[in-house]
1. Just to be sure I understand: with springs between alpha-carbon atoms less than 10 Å apart, which residue in B:66, B:17, B:80 has the highest mean-square fluctuation in the Gaussian network model of chain B?
2. Using the number of other C-beta atoms within 10 angstrom as an exposure proxy, rank A:27, A:5 with the fewest first.
3. With a sphere of radius 13 Å drawn around the Cβ of residue B:125, what net charge do the other residues whose Cβ falls strictly inside it have (Lys, Arg +1; Asp, Glu -1)?
4. Which value at 222 nm does chain A reach when only helices count, each DSSP H run of 4 or more adding -39,500 (n - 2.57), with the total divided by all residues and rounded to the nearest 500 deg cm²/dmol?
5. By count of other Cβ within 10 Å, fewest leading, how are B:28, A:73 ordered?
Amino acid sequence: MPISESHVGRVYPATEPYVVSAAKVHEFAAALQDDSPAYTGSDPIAPPTFAMVIGAAAWGALFSDPELGLELRRTVHGEQRFDWDRPLRTGDAVTGTLSITKFRARGATEMITIAVEVATTEGERICTATSTLIHNREVAA
Amino acid sequence: MMSALDAVEPGTVLPSLTVRFTRTDLVRYAGASTDFNPIHHSDRAAAELGLDDVIAHGMLTMGTALRVVTDWVGDPGRVLSYAVRFTRPVRVPDTADGTAVDIEGVVKAVADGVATVSIEARCGGEKVLGGAVAEVRVD
């Protein structure tokens, strides 16, 4: 049975802790062609959308859940939202916890909304990254 | 000292910005973000999905478009929320100049020290983000 409305509410185990490093923050800011001083110096914060590095790691649980039958290569990123409590800082050790929050299907096209809660290993919430993925299910000929 | 943020009101237009993506920029973002989906660097993989060119990561467009807000507000830690729809792919041909994306922002509302900014990102005149809105503290 592929993914269905019955999977809404499913929560996956948190990802392994990820420690935000100054080097990775610098690399990410450079990739955004962003030379803001906030991302360098002695106490840098991460660019806001850096949260997706942890979010993307959490997506792994979704695509490796054999019950859902989802394939990354058949998936398009439809919508993305972030709600931040505070910026990520270098030295933060964080995990991502993914839950399935909404599901709709029209024929072979499936729209899956997932929320990844990014929190420190001490349990402080940093942000929630909400994504709508459009999955084009392969239909047997 | 008065800062530009003291005078924020609905209709305030943020300084616009143009970013340019080459294939090398996509590879750099792939490494930085750990998103190695080959449609963002391989012509073959893009063609297999029916795309006529390699396309930029949606998150690269989303992340760089937010710069119209963070460059303006100064401290990126002031951003409270940001949402977009990926309405149209940004094609990035393997040329020296790559593709330009023009980004604009305008304040739609201000309440309780929080400005709601509507963001537009255009590539070749066409909108590539839909409903792009960021909430940012301006107090």
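A short reminder: the numbers here are calculations on the coordinates, not readings from a lab. Predicted model only: the values in this text are computed from it and were never measured. Quick reminder, even Gly has a Cβ in these numbers, built from the backbone with ideal geometry, and neighbours come from all protein chains shown.
1. B:80
2. Values: A:27 15, A:5 11.
By the 10 Å Cβ count, ascending: A:5, A:27.
3. Combined, the nearby Lys, Arg, Asp and Glu give -1.
4. Numbers: 2 runs with 23 residues, N = 141.
Calculated mean residue ellipticity at 222 nm is -5000 deg cm²/dmol.
5. A:73, B:28
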